[in-house]
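Comments concern the structure below.
The values are calculated or read from the model by the stated rules, or taken from the named source; none is laboratory data. A quick note: this is a predicted structure, and the numbers were derived from the prediction, not measured. Positions of Cβ are generated from backbone atoms using ideal geometry, with glycine treated the same way; all protein chains shown enter the neighbour counts. The area values use the complete protein model at the heavy-atom level, side chains included, leaving out ligands, DNA and RNA. Shrake-Rupley method; radii C 1.70, N 1.55, O 1.52, S 1.80 Å.
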Amino acid sequence: TGPTLAVVGATGAVGAVMLGLLSSRQDVWGEIRLIASPRSAGRKLVVRGEEVEVVALDEAAFDGVDVAMFDVPDEVSARWAPIAAAKGAVVVDNSAAFRMDPDVPLVVPEVNAAAARIRPRGIIANPNCTTLSMIVAVGALHAEFGLTELVVSSYQAASGAGRPGVDTLRDQLTKVAADPSLGTQPGDVRRAAGDFGPFPAPLALNVVPWAGSLKDDGWTSEELKVRNESRKILGLPGLRVNATCVRVPVVTAHSLTVHARFENEVTVTAAHDLLRAAPGVVVCDDPAEGEFPTPADVVGTDPTWVGRVRRALDDPYALELFLCGDNLRKGAALNTAQIAELVAAELL
Ligand code: 2RA
């Protein structure tokens, strides 16, 4: 039988998508063990068509585990991933705790699969969902044209903030939907929306230019993640990257506009051709027919969707793109599963 897999954080928003993926992808695993906080221990969840009882996170939970996927808060990963690794598991971690550690590779299989093999701490990091929603397409363009600069704006879904994010958006939508006067006066939505949940302003009938926490000089943690993670994944430590991260009233699927500048001149035709050939990318770009990706159309799918490809009007070295990807699938669970499968292939 195949290697033993532990899913740590099995009961969260990403965990639920992970169990679905493990039930539908080619099955390379022997035992699949579900681990969560002691609060959730004893619950039964279905994976591969069978009920599996969730066990509490403790040292014994990692006995005999070959690969452990973590989708838990940063501080839980920081504490428990090294314990799982010390017990012999290869950890694939979806928190921010290890992403910038020079001894931890940050892996997107379509872009830098080979990096997964060099893991001195026994830990491989999975990028943030915003970086992941663009990096497969950007990586394919970089391989051909040589990337020199990214200017990015994100349009991030509520589920990036987990179940509380989704619950807050749905609750606010219910509160504001019935009153046609809302959205016409300053502050009327703010007063009607109720609890803001994990967001700093109402999300229903609104856009919020904020994701993550405040860092130096007005940047957010999310914006710095896009910069630092893109540099690490692409192996371009000096890449110029500026991001503005914005939350929008979408349940799931992050979108991004990207201005990408290259060493070589670009054409839309060449970009279309290489993006069409890139694994994990789908080009949906026929504006005359009204065809471009939107979050409502791509949610629940695996690829990175690319549309609105244009050459910059004043710069033959730059492209403008609109990208969409499911933040819970490629943005989190799917990329983690792909990395775990790379490790499983080593173990077989
Ligand atoms: C968000 N990127 O969308 C974050 C979650 N990792 O809030």
Taking only the alpha carbons of the chain, what extent do you get along each of the three principal axes, in Å, biggest first?
58, 52, 41
Distance histogram in 10 Å bins (all Cα pairs of segment 277-337, percent per bin)
23, 44, 26, 7, 0
Å³ per residue of the Cα convex hull, for segment 52-140?
112 Å³
Additional length obtainable on full extension of the chain from residue 181 to residue 263, 0.36 nm per residue less Cα span
24.4 nm
Pick out which of 233, 135, 118 has the largest mean-square fluctuation in a Gaussian network model of the chain, springs linking Cα atoms closer than 10 Å.
118
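Please state the charge dipole magnitude for segment 230-317, taken about the Cα centre, from unit charges on C-beta atoms (+1 on K and R, -1 on D and E), reported in debye and rounded to the nearest 20.
Values: 9 positive and 11 negative charges, 108 e Å.
The calculated dipole for segment 230-317 is roughly 520 debye.
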In straight Cα distance, which lysines are under 23 Å from residue 215, not counting same-chain residues fewer than 8 positions off?
225, 232
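Averaged over every viewing direction, what's the projected area of the C-alpha convex hull for segment 217-337? Give it in nm², one decimal, please.
Value for segment 217-337: 9.0 nm².
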Mind putting a number on the dipole of segment 40-180 about its Cα centre? Charges go on the C-beta only, +1 for Lys and Arg and -1 for Asp and Glu, and I need it in Debye to the nearest 20.
40 debye
Within straight cross-link reach of residue 330, meaning Cα distance under 20 Å, which aspartates and glutamates are found once same-chain residues fewer than 8 apart are removed?
27, 71, 74, 93, 110, 222, 223, 229, 297, 302, 341
Rounded if a/c under 1.5, otherwise prolate or oblate - segment 70-199, Cα gyration tensor axes:
oblate
Residue 103 to residue 314: FRET efficiency via 1/(1 + (r/R0)^6), r the Cβ-Cβ distance, R0 30 Å, to the nearest 0.05?
0.10
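What is the local net charge at residue 58, summed over the other residues whose Cβ is closer than 14 Å to its Cβ (Lys, Arg +1; Asp, Glu -1)?
Values: positive: 33, 39, 79, 87; negative: 59, 63.
Summing Lys/Arg as +1 and Asp/Glu as -1 gives +2.
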What does the charge count around residue 12 come to, taking other residues whose C-beta lies under 11 Å from its C-beta (Lys +1, Arg +1, Asp -1, Glu -1)?
0
Per residue, in Å², the accessible surface of segment 12-141 once ligands and nucleic acids are set aside, probe 1.4 Å:
40 Å²
Rounded to a whole number, what % of the accessible area of segment 191-348 do carbon and sulfur atoms account for, probe 1.4 Å?
53 percent
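Tell me the mean residue ellipticity at 222 nm calculated for the chain from its helices only (DSSP H runs of n ≥ 4, each -39500 (n - 2.57), averaged over every residue, nearest 500).
-9500 deg cm²/dmol
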Could you quote the convex hull projected area for segment 103-176, Cα atoms only and averaged over all directions, in nm²?
7.2 nm²
I need two numbers for segment 27-70: Rg to one decimal and Dmax as a whole number, Cα atoms only, in Å.
10.5, 30
Which listed residue (260, 313, 287) has the Cα farthest towards the positive end of the charge dipole for segment 255-320, taking +1 on Lys and Arg C-beta and -1 on Asp and Glu C-beta about the Cα centre?
260
